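The values are calculated or read from the model by the stated rules, or taken from the named source; none is laboratory data. Fair warning: this is a prediction, and the values are worked out from it, not measured in the lab. So basically every Cβ, Gly included, is an ideal-geometry build from the backbone, and we count neighbours across all protein chains shown. Ligands, DNA and RNA are excluded from the accessible area calculation, which covers all protein heavy atoms including side chains. Shrake-Rupley method; radii C 1.70, N 1.55, O 1.52, S 1.80 Å.
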Amino acid sequence: MLDQDDGEGCRMNAVRGREIDTVIGNLEFDPVALKRKYEQERDKRIVPEGHDQYVPTIEGRFADYGKDPWVSPGFSRAALNDHTEVIVAGGGFGGLLVGARLREAGVTDVRIIDEAGDFGGTWYWNRYPGAMCDIEAHIYMPLLEELNHAPRHRYAYAPEMLELSRKIGERYGLYDKACFQTVITEARWLEDQKQWLIETDRGDRMTANHFVLACGRQSLPKLPGIAGIGDFEGHAFHSSRWDYAYTGGSADDARLTGLRDKRVAVIGTGATAVQIVPEVAKWARELFVFQRTPSAVYIRGQRETPPDYADMSKPGWQKERRENFQKILGAKPQDVDYVADGWTELTVRMKPVLSSRELAARLNRKPTPEEHEFVAEISDYRVMNAIRTRVEEIVKDPSTAEALKPWYRWLCKRPCFHDDYLDAFNRPSVHLVDTGGRGVEQFTRHGIVVDGHEYKVDCAIFATGFEAGISYVRLTGFDVVGREGRRLSEHWRNGVRTLHGITTDNFPNLLLVGGNQHSVAAVNAVHLLDEQATHVAYIIQQAGERRLQAIEPTTEAVDAYTEIIRSAPANKVLVNFYSSCTPGYYNGEGKGAKSEDLFFGNRYGGGAMAFYQMLADWRRENNLEGMALR
Ligand code: NDP
């Protein structure tokens with residue numbers, strides 16, 4: 001029943017009527033009470049420090065947490081003083097796709113530089129037990145068709161991802177000039193030579209005609225700034241630097257025999273912890289999972305892929321499958337759902353949230369914004385109710401089950417999918433330590449304190465995520481210096497300015513790929529990377545074909561595109577949505593008041609497929625519109 005005296009109740013009642021009630025059907029719950037519960041749960045978690053509650057691992061006293069465990073110490077090589085047509089910063093899937101698409105476009109002189117000891121990016125660093133991608137492998141893994149690689153599981157595990165990265169490096173000749181264990185310290189445009197000068201921590205002074213930034217967006221591990229964290233005398237590491245020497249096993253064989261006699265803490269319950277907990281639970285003498293906010297964990301449906309899992313015979317099959325997934329996520333009805341998993345199922349159940357067209361069809365008229373929002377909320381409550389019911393069905397102890405229920409809208413946090421996470425809490429050796437939204441209180445020399453109780457542990461595993469919503473300079477560790485000594489950090493001081501999220505004025509022959517602002521928030525990040533890589537390869541290939549020394553967008557073109565982004569109504573909708581969400585990196589830890597503060601903010605408003613189409617149309621015109629050519 002709706003409470004007539006309540007402001008929310010009045011708002012909801014105001015939009016209700018026979019028409020809307022026909023769309024939403026009988027309500028099996030009280031939406032006003034649920035909304036209030038969500039607000040209370042959010043308010044409990046607001047931390048005034050926002051992002052500053054975390055401490056970095058790339059510098060300072062916790063720098064050891066960020067060290068590369070996958071290389072042997074002592075690597076050295078002679079400094080390089082040479083020229084390459086294209087230098088790419090970043091050897092993850094973004095950089096690899098740029099390298100591959102360049103080669104296909106006839107540009108073969110490419111050097112990829114990465115701090116890591118090999119290609120792979122995310123999948124180089126994250127080798128924790130159980131690591132897998134929660135997007136279907138057939139649409140996530142890059143270049144499957146080109147490499148004729150059939151994923152072994154519906155959701156590929158990290159070792160297969162690394163194996164594929166190496167395959168791509170070999171197939172496209174990207175190892176030839178690659179520089180690993182190398183950190184770029186400065187990138188400077190030399191106007192007189194029309195080249196980039198790239199300097200590194202190995203004393204290199206390399207030049208290139210084109211410079212591509214493919215540095216990902218969440219690669220710097222962070223720790224919670226908990227009192228006493230530096231005093232802990234037990235073993236400790238971050239999830240992205242897994243210490244198999246301590247736990248036993250390896251990334252390929254997660255028999256964590258070293259934990260058999262250990263009391264282990266996992267701190268955090270985000271997408272990473274959801275994958276780690278079931279694995280550690282199998283081996284640790286005791287496992288304590290410290291939770292601040294529960295994840296929304298739906299069915300995974302992981303399985304091996306038999307040869308007939310997907311039809312990989314038709315040319316263009318991967319593109320078609322990716323687009324089919326993206327269209328379903330964009331609420332565009334499709335005759336077939338190739339992926340047919342939790343992502344597509346729950347999106348379809350949320351359809352009215354995403355598609356006002358669908359709602360208009362049901363009402364036989366254009367819905368008001370209030371009607372749209374109300375129907376959206378109801379669909380969302382139903383999806384989250386199903387997720388909460390799943391917790392009750394799986395977790396046997398009622399108080400543990402209650403604590404594992406998430407109270408926020410589905411897309412407020414990264415949705416999770418796992419078949420074994422919730423069940424892990426049925427093991428007598430696994431204890432959920434729910435911190436009531438406040439987080440861990442303190443570390444002692446031998447344990448972790450919550451509510452005044454000390455949990456003695458031998459090992460603490462921080463699954464506490466990565467720095468997010470940070471500037472390019474912070475992410476890459478160097479500033480990019482364009483024409484007339486202009487720094488990218490300064491150029492973007494008042495916000496990102498680009499053409500298509502890929503080029504920016506005053507920075508000739510500089511190209512950006514990844515999930516930076518001005519592109520789209522793609523659930524399948526590799527789909528976005530591939531579209532961007534194709535675009536970057538086209539621009540560089542055209543520069544060569546037209547014998548251009550320098551190519552950059554005009555200030556007018558950048559202004560116009562930036563205005564398209566700034567005025568996109570979708571960005572305002574996002575601000576409203578995330579302001580009601582429980583804190584996390586998606587909404588600036590609850591402090592995201594402007595679109596620019598949001599992880600997915602400041603995006604192309606038309607959605608992913610429209611963005612890809614816009615890029616493709618621009619290339620098809622073949623006149624490099626908006627670019628100044630020299
Ligand atoms: P997240 O930032 O998502 O999660 C960090 C976790 O640490 C949260 O549960 C957070 O709680 C918790 N935490 C932070 N501070 C404290 C504290 N003081 N006390 C207790 N808990 C605390 O990091 P992840 O590594 O899990 O995931 C990062 C991103 O990586 C994901 O969002 C996703 O994009 C990606 N990822 C993707 C996967 C895939 O399959 N594609 C798999 C794994 C990760 P709170 O929520 O309250 O802030």
- What is the extension gain from Ala33 to Asp617, computed as 0.36 nm multiplied by their sequence separation minus the C-alpha to C-alpha distance, in nm to one decimal? 205.4 nm
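Show me 503-510, 579-586 ranked by packing, highest mean number of other Cβ atoms within 10 Å first.
Numbers: 503-510: 23.2, 579-586: 20.9.
Per-residue Cβ counts within 10 Å, averaged per peptide and sorted highest first, yield 503-510, 579-586.
Based on the Kirkwood radius over alpha-carbon pairs, what is the Stokes-Einstein translational diffusion coefficient of region 374-432 at 37 °C with 0.692 mPa s viscosity, in µm²/s? Mind dumping the intermediate values first?
Details: Rh = 12.4 Å.
The diffusion coefficient I find is 265 µm²/s.
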- Item | region 89-227 shape via C-alpha gyration tensor axes, a/c threshold 1.5 | oblate
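Given a Förster distance of 25 angstrom, what is the FRET efficiency for Ala14 paired with Ala593, based on the Cβ-Cβ distance and rounded to 0.05?
Working: r = 27 Å, r/R0 = 1.07.
Once rounded, the FRET efficiency stands at 0.40.
What does the charge dipole of region 1-132 about its Cα centre add up to, to the nearest 20 debye, if the Cβ of each Lys and Arg holds +1 and the Cβ of each Asp and Glu holds -1? Spell out each step's value before the answer.
Details: 16 positive and 23 negative charges, 52 e Å.
The calculated dipole for region 1-132 is roughly 240 debye.
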- Note on the structure: Check: C-alpha center region 276-328 vs C-alpha center region 173-203, spacing in Å is 37
- Message: If the only charges are +1 at each Lys and Arg Cβ and -1 at each Asp and Glu Cβ, what is the size of the charge dipole of region 131-202 around the Cα centre, to the nearest 20 debye?
- Response: 200
- Of all accessible heavy-atom area on the chain, the percent that carbon and sulfur account for (1.4 Å): 48
- Label point distance in nm, Glu393-Ile58, each placed 7 Å from Cα along Cα→Cβ: 4.3
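Would you mind computing Rg(Cα) / (2.2 N^0.38 Å) for region 505-589, counting N as its residues? Working shown, then result.
Numbers: Rg = 16.4 Å, N = 85, 2.2 N^0.38 = 11.9 Å.
Rg over 2.2 N^0.38 Å, computed on Cα atoms: 1.38.
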- Task: Give the accessible surface of region 395-435 per residue, rounded to a whole number of Å², with probe radius 1.4 Å and ligands, DNA and RNA excluded.
- Result: 39
- Note on the structure: Any residue on another chain or 5+ positions along whose placed amide H is under 5 Å from the amide H of Asp479 is listed here as Ala187
- C-alpha center-to-center spacing [region 440-470, region 1-71] in angstrom: 24
- Item | Label point distance in nm, Thr257-Val449, each placed 7 Å from Cα along Cα→Cβ | 3.9
- Protection proxy ranking, peptides 330-341, 69-80, 379-390, average beta carbon neighbours within 10 Å, highest first: 379-390, 330-341, 69-80
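Under a 1.4 Å probe, what is the accessible area of region 579-630 per residue, stated in Å²? Can you show the working numbers first?
Working: 2190 Å² over 52 residues.
Ligands and nucleic acids excluded, the result is 42 Å² per residue.
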- Task: Would you kindly derive the ³J(HN,Hα) couplings of region 250-259 from the backbone phi angles with the Karplus curve 6.51 cos²θ - 1.76 cosθ + 1.60 (θ = phi - 60°), listing them in order in whole Hz, with x for Gly and Pro?
- Result: 8, 4, 8, 8, 7, 8, 8, 5, x, 9
- How are the Cα pair distances of the chain distributed, in percent, across 20 Å bins from 0? 18, 53, 27, 2
- Item | Karplus 3J(HN,Hα) series, Hz, for region 225-237 with 6.51 cos²θ - 1.76 cosθ + 1.60 (x for Gly, Pro) | x, 7, 4, x, 4, x, 8, 4, 9, x, 7, 8, 7
- Identify the residues of region 167-209 with backbone N under 18 Å of a label point that sits 7 angstrom from the Cα of Gln541 along the Cα-to-Cβ direction, or state none. 172-174
- Round to the nearest 0.05 the FRET efficiency obtained for Lys572 and Ala610 when R0 = 25 Å and r is the Cβ-Cβ distance. 0.90
- Expressed in nanometres to one decimal, the distance between label points 7 Å along Cα→Cβ at Glu370 and Asp82 is 6.9
- Modelled label reach - Arg427, point 7 Å along Cα→Cβ, region 261-281 residues with backbone N closer than 18 Å: 261-270, 272-281
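Would region 91-135 count as rounded, prolate or oblate if I go by the C-alpha gyration tensor, calling it rounded below 1.5 in a/c and otherwise prolate when a/b exceeds b/c, oblate otherwise?
Working: a/c = 4.89, a/b = 1.95, b/c = 2.51.
Oblate is the answer for region 91-135, as a/c is 1.5 or above yet b/c matches or exceeds a/b.
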- Query: To one decimal place, what orientation-averaged projected area in nm² is obtained for the convex hull of the Cα set of region 202-304?
  - Reply: 11.5
- Task: Sort by residue number and report every cysteine in the chain with no other cysteine beta carbon within a distance under 4.7 Å.
- Result: Cys10, Cys133, Cys179, Cys215, Cys416, Cys459
- Query: Over the Cα atoms of region 268-400, how large are the radius of gyration and the largest Cα-Cα distance (Dmax), in Å?
  - Reply: 19.1, 61
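Could you sort 108-116, 589-597 so that the peptide with the highest average Cβ count within 10 Å comes first and the rest follow in order? Walk me through the numbers before you get to the answer.
Details: 108-116: 21.7, 589-597: 18.3.
Ranked from most to least packed, the peptides come out as 108-116, 589-597.
To the nearest whole percent, what portion of all C-alpha pairs in region 374-480 is separated by more than 24 angstrom?
46
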- Item | Selected from Val526, Gly592, Ala543, residue furthest toward positive end of dipole (region 476-630; charges at beta carbon) | Gly592
- Task: Work out, step by step, the length gained on full extension between Arg630 and Gln549: first 0.36 nm times the residue separation, then minus their alpha carbon distance; give nm to one decimal.
- Result: 28.6 nm
- On average, how much accessible surface per residue is there in region 192-315, in Å², for a 1.4 Å probe, leaving out ligands, DNA and RNA? 39
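Please compute the alpha carbon radius of gyration of region 35-151, then divide it by the globular-protein estimate 2.2 N^0.38 Å. Two decimals is fine. It would help to have the intermediate numbers written out before the result.
Numbers: Rg = 20.3 Å, N = 117, 2.2 N^0.38 = 13.4 Å.
Normalised Rg, Cα atoms only: 1.51.
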- Item | Dipole of the chain [Lys/Arg +1, Asp/Glu -1 at C-beta], most positive-end residue of Ile226, Phe237, Tyr175 | Tyr175
- Let me know the charge dipole size of the chain about its Cα centre in debye, to the nearest 20, where only the beta-carbon of Lys, Arg (+1) and Asp, Glu (-1) is charged. 220
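How high is the FRET efficiency between Lys456 and Ile299 when r is their beta carbon distance and R₀ equals 41 Å, given to the nearest 0.05? Mind dumping the intermediate values first?
Working: r = 36 Å, r/R0 = 0.87.
Efficiency for this residue pair is about 0.70.
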